[in-house]
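Visitor: Have a look at the structure that comes next, please.
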Amino acid sequence: MTALPAGWVATTLGDLALEVRNGISAKPDQDAGLPVLRISAVRPMKLDASDVRYLPAEFRDADTYALRTDDLLFTRYNGNRELVGACARVHAVSGTLTYPDKLIRVRLHTRAAMPAFIEAAACAQGARDFIDQQLKTSAGQVGVSGADLKRLPLPLAPLAEQQRIADKLDTVTARVDACR
């Protein structure tokens with residue numbers, strides 16, 4: 001990592017995480033029920049919460065895998081190595097929404113790190129370079145482990161600076177989306 005601005009510190013995702021957890025391993029094959037995100041729902045800094053499949057509504061471990069606002073999701077496996085390690089933040093959840101085992105959920109210590117800031121930092125080139133070095137291939141799928149993600153080096157600004165940067169990114173992203 002290059003020299004950091006005054007007040008910033010070098011840390012890792014694991015140091016900021018309350019929890020790093022793989023998703024549900026059951027195959028969603030229902031027409032309705034408990035929504036489970038597809039891996040295609042996660043792209044760098046973009047989550048499509050409508051991109052789901054379904055498990056039976058009475059799935060017993062739903063609470064364990066339920067997403068909350070400001071959870072971070074990382075793509076754990078994909079056939080496209082550029083999409084492995086992609087990070088997107090959960091903006092708002094209405095009802096129960098869960099995630100599959102090809103995604104990793106990270107919950108942060110929000111007194112130290114703003115999820116919007118960490119989402120952006122995890123999508124920056126330095127983070128991408130680190131993730132690329134951790135990738136492993138098995139049966140045509142490329143993957144990264146939760147243990148490797150915990151070691152992801154991140155620059156951490158003071159909270160007020162994180163807020164300023166996150167707000168600016170939201171403004172710029174909204175403009176880009178409007179142009180599209």
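Visitor: How many residues are basic (Lys, Arg), assigned to a loop (DSSP other than H, G, I, E, B) and touching an Asp or Glu at 6+ places or on another chain (Cβ under 9 Å) if we restrict to segment 63-92?
Guide: Selection size over segment 63-92: 1.
Visitor: Looking only at residues that are of a type outside the set (Gly, Ala, Ser) and in contact with a Pro (Cβ under 8 Å, 6 or more places away or on another chain) in segment 103-129, which one is most open to solvent (accessible area, probe 1.4 Å)?
Guide: Here the answer is Cys123.
Visitor: Across segment 12-46, which residue is farthest from Val144 (Cα to Cα) among those that are aliphatic (A, V, I, L, M) and touching a helix residue (DSSP H, G or I) at 6+ places or on another chain (Cβ under 6 Å)?
Guide: Leu34
Visitor: Can I ask one more? Which fully enclosed strands (runs of 3 or more DSSP E) of segment 1-62 have 1 or more residues being open to solvent by 60 Å² or more (accessible area, probe 1.4 Å)?
Guide: 9-12, 17-22, 52-55
Visitor: Is there any pair linking a residue in segment 79-99 that is at positive phi to one that is β-branched (Val, Ile, Thr), with Cβ under 8 Å and at least six apart or on different chains, and which?
Guide: Matching pairs, first to second residue: Gly85/Thr75; Gly85/Ile131; Gly85/Val144.
Visitor: Do the conditions hold for Gly126, that is, is it over 22 Å from Val9 (Cα atoms) and out of contact with any helix residue (DSSP H, G or I) (no Cβ under 8 Å at 6 or more places or on another chain)?
Guide: Criteria not met by Gly126.
Visitor: Name the residue, out of Asp148, Asp132, that is acidic (Asp, Glu) and open to solvent by less than 40 Å² (accessible area, probe 1.4 Å).
Guide: The match here is Asp148.
Visitor: Please determine, by comparing only the residues of segment 70-90 that are out of contact with any helix residue (DSSP H, G or I) (no Cβ under 7 Å at 6 or more places or on another chain) and of a type in the set (Asp, Glu), which one is surrounded by the fewest Cβ atoms within 10 Å (Cβ to Cβ).
Guide: Across segment 70-90, the extreme among qualifying residues is Glu82.
Visitor: Does at least one position in segment 157-164 carry a residue that is assigned to a helix (DSSP H, G or I), over 26 Å from Lys27 (Cβ atoms) and of a type in the set (D, E, K, R)?
Guide: Within segment 157-164, one or more residues are assigned to a helix (DSSP H, G or I), over 26 Å from Lys27 (Cβ atoms) and of a type in the set (D, E, K, R).
Visitor: Report yes if some residue within segment 125-140 is in contact with a Leu (Cβ under 6 Å, 6 or more places away or on another chain) and in a loop (DSSP other than H, G, I, E, B); otherwise report no.
Guide: Scanning segment 125-140, I find no residue that is in contact with a Leu (Cβ under 6 Å, 6 or more places away or on another chain) and in a loop (DSSP other than H, G, I, E, B), so the answer is no.
Visitor: So, one more: Out of everything in segment 151-180 that is under 14 Å from Ala113 (Cβ atoms) and of a type outside the set (A, V, I, L, M), what residue ends up being least open to solvent (accessible area, probe 1.4 Å)?
Guide: Per the criteria, the residue is Gln162.
Visitor: For segment 91-102, which positions are hydrophobic (A, V, I, L, M, F, W, C) and surrounded by 20 or more Cβ atoms within 10 Å (Cβ to Cβ)?
Guide: Leu97, the sole residue that qualifies.
Visitor: Right, Leu67: without any contact (Cβ under 8 Å) to a residue 60 or more places away in the chain and buried (at least 21 other Cβ atoms within 10 Å of the Cβ) or not?
Guide: Criteria met by Leu67.
The values are calculated or read from the model by the stated rules, or taken from the named source; none is laboratory data. None of these values were measured; they are calculated from a predicted model. When we count neighbours, we look across all protein chains shown, and the Cβ atoms used for this are built from the backbone with ideal geometry, even at glycine. Heavy atoms of the whole protein, side chains included, go into the accessibility calculation; ligands, DNA and RNA do not. Shrake-Rupley method; radii C 1.70, N 1.55, O 1.52, S 1.80 Å.
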